[in-house]
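**Student:** Take a look at this one; I'll ask things after.
The values are calculated or read from the model by the stated rules, or taken from the named source; none is laboratory data. Keep in mind the model is a prediction, meaning the values are calculated, not measured. Here Cβ is always computed from backbone atoms with ideal geometry, including for glycine, and neighbour counts include all displayed protein chains. Each accessible area value is taken on the protein alone, full model and side chains, heavy atoms only, with ligands, DNA and RNA left out. Shrake-Rupley method; radii C 1.70, N 1.55, O 1.52, S 1.80 Å.
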Amino acid sequence: MKARVAACDRIRIRMQQLLKSKGRRFVTGLFRRMIKESEDGVRKRIKDWNDGIYRHVVFIDTTGAEASLLRVPITLHKKGDRLTIDFTGTSPEHNGSFQALAPCVRAHCAVNLYQSPFHDFPISAGTMEPIDFVIPHGTILDPDPAAAIS
């Protein structure tokens, strides 16, 4: 933890030095360019993939008040330079705590995309720009905000 805090502090110091030497406009432009180049690169990579619909289903066993088998189907719709990750058909919200809110699901997908097909792009909002998500509300991947989540 101390090493992570030290690294963050070093980044803070370097950013302050960069702002002082180059100015706010330069740094803002630099970040904007990083985001745009990531988006353009990801769009190009996705465009090179075959158009189509790709499906997979994952089953998860859970414990809680009742043992159950949860279903999480994932469908990738790829067309042109866009990708849609669709979780339609996911098991409904239940009384257990093995559930996640939609932003967590998007983040989990991002982690997997960053480490495999987009491993060579900077981590930024631009990388996820050409990707849409369909996460039906009322499922274990987007339960009511008052539901138990783990």
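**Student:** Take segment 16-71 and flag every residue that is of a type in the set (Lys, Arg) and touching a Lys or Arg at 6+ places or on another chain (Cβ under 7 Å). I'd like the intermediate steps shown before the answer.
**Tutor:** From segment 16-71, those of a type in the set (Lys, Arg) are 20, 22, 24-25, 32-33, 36, 43-45, 47, 55, 71; that's our starting set.
None - no residue of segment 16-71 is of a type in the set (Lys, Arg) and touching a Lys or Arg at 6+ places or on another chain (Cβ under 7 Å), so the list stays empty.
**Student:** Next question. Which count do you get for residues in segment 75-128 that are under 15 Å from HIS56 (Cβ atoms), among the aliphatic types (A, V, I, L, M) and open to solvent by 50 Å² or more (accessible area, probe 1.4 Å)?
**Tutor:** 1
**Student:** Next question, about the same structure. Considering only residues that are outside any helix (DSSP H, G or I) and within 22 Å of the chain's Cα centre (by Cα), look in segment 1-50 and name the one that is farthest from PRO122 (Cα to Cα).
**Tutor:** Of all residues in segment 1-50, those outside any helix (DSSP H, G or I) come to 1, 23, 49-50.
Keeping just the survivors that are within 22 Å of the chain's Cα centre (by Cα) gives 49-50.
Working: TRP49: 20, ASN50: 24 Å.
The qualifying residue farthest from PRO122 (Cα to Cα) is ASN50.
**Student:** At pLDDT below 95 and farther than 26 Å from ILE35 by Cα - does that describe any residue in segment 129-136?
**Tutor:** So far as segment 129-136 goes, no, none of its residues is at pLDDT below 95 and farther than 26 Å from ILE35 by Cα.
**Student:** On to the next question. Going through segment 40-74 one residue at a time, which ones are surrounded by 11 or more Cβ atoms within 10 Å (Cβ to Cβ) and over 25 Å from LEU141 (Cβ atoms)?
**Tutor:** Within segment 40-74, ASP40, GLY41, ARG43, LYS44, ARG45, LYS47 meet the criteria.
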